[in-house]
There are 2 protein chains.
Amino acid sequence: MSGSPRGKAPQMAIRRLSMYYRTLAALREQGVESISSEHLSALTGSTAAQVRRDLAYFGSFGRRGVGYEVHSLQTHVQKILGIGEGWPMALIGVGNLGSALLAYDGFPRQGFRIVEAFDSDPRRVGTVIRDVVVKPMDQIKETIQARHIVMALLAVPAKAAQGVTEQLVAAGVRCLLNFAPVTLKVPPHVHLASVDLSIEVEYLSYVLRESVAEGQAAEGACSDVLRALSG
Amino acid sequence: MSGSPRGKAPQMAIRRLSMYYRTLAALREQGVESISSEHLSALTGSTAAQVRRDLAYFGSFGRRGVGYEVHSLQTHVQKILGIGEGWPMALIGVGNLGSALLAYDGFPRQGFRIVEAFDSDPRRVGTVIRDVVVKPMDQIKETIQARHIVMALLAVPAKAAQGVTEQLVAAGVRCLLNFAPVTLKVPPHVHLASVDLSIEVEYLSYVLRESVAEGQAAEGACSDVLRALSG
DNA sequence: ATTGCCACGTGAAACATATCACAAGCTCCC
DNA sequence: GGGAGCTTGTGATATGTTTCACGTGGCAAT
């Protein structure tokens, strides 16, 4: 659709597109029909030039002098990201986090749905959460192949993660979103993204420390905090 | 500590340090005493040169011809990241995700602890999860100030996120880890990290689509998957 | 029509990050 | 002591990403 993939888009551009998409959806609900790169960038914490560049990787969707038509741009971004194809997903591990993922309503809203869930704990197998029946681990392969599932969410303990990953890959899964705090090894045709809470928290810890060291102190009502930080 | 901050470390370097840290901890548990950049990079999915460069932003912690002493390197990385200072954290929003965060044992293991939890739902207020009593939202400010809390985890619905953020900032919080799918606005002295499931899933959706388009097909037992993808 | 203004799309420049390749330093062994 | 073999730390280089700045096309009003 629409000619020219002018070079390859950086990872971060894709992630920003995701944010643009969400913002456009919200704007549409509010009845906004048109938006400029300037305005969209303000809403997503980006810059106007960045918004235009990110979109330019995939085509040209606006009108000069006017801006972007919200609905049309949303549709284009949706196609770029491949949302709305209703990718079915499998969830492995129905503990605290897994349950939260099953309940997360952001997925269905964006066209992704957890249609199968698996757990190794016999007490959880057979339970039903949000219309999904928890199956035992040994049914992973047949279920995933039968339902042509290509995306899986991995919410198992760190020690089990690599083993389960290999089962999933063998079953034909192409995309894996890993929540376990480990570095997974996957073959090159399998795509991997990770959500790692420790990394995020430790990153914040680092920047906190750094900003304190740089003496970005005096800020008004921070004296308590600063006392806590320095001694 | 130890002279020379040779330039500023990129964000990604910090995140990798986090992975090195975790890997070093695991190695230490296994009784490994020494490791080379080559080996460490293999365990973390990085490259040897990258490991050395990441560390070089903060000093020189190895011995040429030998490698790194696991325990000592772990300690250095710990200090760099500011782990182990026992930062107390507050959790806002004790729904499915919030409960999962309270139960997440990766935090205490890395020296971070959720010591306060808040929720707007009166049915949840007063309940105790993992030794933490859920308090009502209107106690956020006094509690956070009294306990000198500087980091907060935000697990509230998207619509409430910005409002709660402002309360937290007013209370003196310096770091915020946001799980709500919104772009938060914070003043410059407040650091923000986000975990956004939709963005991760949509990114995978994009690379999946891209890899299929590029015809990275023939892989063996993928015919089912491919049929699902193309038809 | 013409003028004035606006906002996109995009080459080119600036900046940031990752990789390469090698000198420096350590250990071991002869 | 000296040479062989290893691995770090780091200039130099290559690659990748963001920002700048402006040409282009489009709308509105006079």
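Residue count for the range A:151-189 under the criterion of being facing another protein chain (nearest Cβ under 9 Å) and not small (Gly, Ala, Ser): the result is 15. Pairs are defined by a Cβ separation below 7 Å, a sequence spacing of at least 6 or placement on different chains, a first member in the range A:181-195 that is open to solvent by less than 30 Å² (accessible area, probe 1.4 Å), and a second member that is part of a strand (DSSP E or B); the pairs so defined are A:Leu184/A:Asn178; A:Leu184/A:Leu192; A:Val190/A:Leu176; A:Ala193/A:Leu177; A:Val195/A:Leu177. Taken together, the criteria place A:Tyr68 among residues that are within 16 Å of DNA strand C (Cβ to nearest atom), more than 14 Å from every other protein chain (Cβ to nearest Cβ), among the aromatic types (Phe, Trp, Tyr) and open to solvent by less than 60 Å² (accessible area, probe 1.4 Å). The sole residue among B:Ser60, B:Ser34, B:Ser99 that is among the small types (Gly, Ala, Ser), touching a strand residue (DSSP E or B) at 6+ places or on another chain (Cβ under 9 Å) and open to solvent by 50 Å² or more (accessible area, probe 1.4 Å) is B:Ser34.
The residues on offer are A:Ala9, A:Ala48, and the sole one that is of a type in the set (A, V, I, L, M) and over 24 Å from A:Val150 (Cβ atoms) is A:Ala48.
Of the helices (runs of 4 or more DSSP H) lying entirely inside the range A:7-116, those containing at least 2 residues that are more than 15 Å from DNA strand D (Cβ to nearest atom) are A:11-29, A:37-44, A:70-81, A:96-103, A:106-109. Return a yes/no flag: does the range B:40-56 have any residue that is aliphatic (A, V, I, L, M) and within 15 Å of the chain's Cα centre (by Cα). Among the residues of the range B:40-56, not one is aliphatic (A, V, I, L, M) and within 15 Å of the chain's Cα centre (by Cα), which makes the answer no. Residue pairs whose Cβ atoms lie under 7 Å apart, separated by 6 or more positions or on different chains, with the first residue in the range A:89-108 and on the phi > 0 side of the Ramachandran plot and the second modelled with pLDDT of 95 or more and surrounded by 21 or more Cβ atoms within 10 Å (Cβ to Cβ), are A:Gly93/A:Asp119; A:Gly93/A:Leu154; A:Gly93/A:Ala155; A:Gly93/A:Val156. Applying the set (1) within 10 Å of DNA strand C (Cβ to nearest atom); (2) within 30 Å of B:Ala146 (Cα to Cα); (3) of a type outside the set (A, V, I, L, M) to B:Pro88 leaves exactly one unmet item: (1).
The values are calculated or read from the model by the stated rules, or taken from the named source; none is laboratory data. Note that the coordinates shown come from a computational prediction; the quantities given were computed from them, not determined experimentally. Glycine gets a Cβ as well: all are built from the backbone with ideal geometry, and neighbour counts include every protein chain shown. Heads up: the accessible areas ignore ligands, DNA and RNA and are worked out on the full protein's heavy atoms, side chains in. Shrake-Rupley method; radii C 1.70, N 1.55, O 1.52, S 1.80 Å.
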